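The values are calculated or read from the model by the stated rules, or taken from the named source; none is laboratory data. Here the structure is a predicted model, which means the values were calculated and not measured. We place every Cβ from the backbone using ideal geometry, glycine too, and count neighbours over all the protein chains shown. When the accessible area is computed, the model is the full protein with side chains, heavy atoms only, and any ligands, DNA or RNA have been set aside. Shrake-Rupley method; radii C 1.70, N 1.55, O 1.52, S 1.80 Å.
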Amino acid sequence: MTDLEQSDDVPVGRLVRIAGTLLGVLTVCAAVPLRGRVKAACRVLQRVAAPAAAVACGRLYWLYRRREARALAVSDAVQEVLLRPLPSRVGGLDLASVYRACGGQARVGGDLYAVARADTATRIIIGDVRGRGLSSFLDVIAILGAFREWAPQPVSLVELSTRLEESFLRYLAEADDDTRSEVDERFATALILEVPDGEPDAHMVNFGHPPPVRARPGELVLLPGTPCPPLGLSPLCDLRAHESVFELGPHDTLLLYTDGLIEARDCSGVSFPFLERATTWGWQDRRARVHERLHNVLGEILEDIVAHCGALPADDLAMIALARHQEGGKAVLPHPAGPGPSEGTKAMRWC
């Protein structure tokens, strides 16, 4: 605990005791029938105690709001480091993404994504760590750290996936005493995508994650590939990472997402009709540039979720829309794009 936090604890505890005492005096004076001088004394106490209690409660409110602001500032800083905004263009791909932590308050949730360049290919990970709280936050750090270490290396996609699984298992085995009791229940779904430059096909390894959606003129399909066990569960299933290949043409749009999209429910418990609504989104809007079209598609999805649920869903939500850059040119990895419009909530981040 910092010195500043310790200095806050003293006035907070003292103010709670003072406010409690003053409110207790006011309650006794109001509830107990008194007469004579005692009644007159109570009236004097009420006139003094009421404004004093109001001041103490106001001060408590201000202190708690300041603590909340500090916590959100720290959370924002952590998110900027942990979940860096994705570039608008990587290699031969245009990208748009959105991230929203659960409940609209916590800025860092259990969903994750990242992108990296590996020689002549672009690699992307999107995932969802089981659970919430400190252990899931640490799991996100472990997975992203392993991906950022190995994804740029000259290894195959299967080898990258294997090393990611080994790194996560090693991390779980070394979990500290505070989280060791949960290790057997900790895992993460993840999808790792590789798009080579100048080739028509894309490659992926799916660790039990919701399958991506490919949209092309006149066609909308799920691409499940060959699912593998979620990260952290391979010792139980004894299955190895399996690479799947699918075509990603120049006019295709690919959507990667976490289960916060498909499991969003309305007040009656009805799930969001994902595939039904997906046929109405503007995947092929030729009036907009590719990057703008990707942003627009994510905006349509969020509007549909809000319309269905009555609000943004309570679960974490991460999405990446991507398409091949139609202007061609040299493959690049520019500096990360800054946050874009927030769609009415600070817990939403656009790239």
| field | Count - residues of the stretch 210-269 that are crowded, with 17+ Cβ neighbours inside 10 Å and assigned to a loop (DSSP other than H, G, I, E, B) | value | 16
| request: Working only within the stretch 180-220, note down all residues that are closer than 30 Å to Asp285 by Cβ, free of Cβ contacts under 8 Å to residues at least 40 places away in the same chain and touching a Pro at 6+ places or on another chain (Cβ under 9 Å). | output: Asn206, Pro211
| Got a number for residues in the stretch 104-128 being open to solvent by less than 50 Å² (accessible area, probe 1.4 Å) and at pLDDT 80 or above? | 17
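Looking only at the stretch 287-300, count how many residues are farther than 14 Å from Ala215 by Cα and touching a residue at least 40 places away in the same chain (Cβ under 8 Å).
3
A quick yes/no check of all residues on (1) farther than 21 Å from Ala121 by Cβ; (2) aliphatic (A, V, I, L, M); (3) open to solvent by less than 30 Å² (accessible area, probe 1.4 Å); (4) touching a strand residue (DSSP E or B) at 6+ places or on another chain (Cβ under 8 Å):
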residue	(1), (2), (3), (4)
Gly145	no, no, no, no
Leu164	no, yes, yes, yes
Phe168	yes, no, yes, yes
Ala188	yes, yes, yes, yes
Glu199	no, no, no, no
| query | Only one of (1) at pLDDT below 85; (2) touching a helix residue (DSSP H, G or I) at 6+ places or on another chain (Cβ under 8 Å); (3) over 23 Å from Pro227 (Cα atoms) fails for Gly131. Which number is that? | reply | (3)
| Filter result (of a type in the set (Gly, Ala, Ser) and in a helix (DSSP H, G or I)) within the stretch 273-298 | Ala278
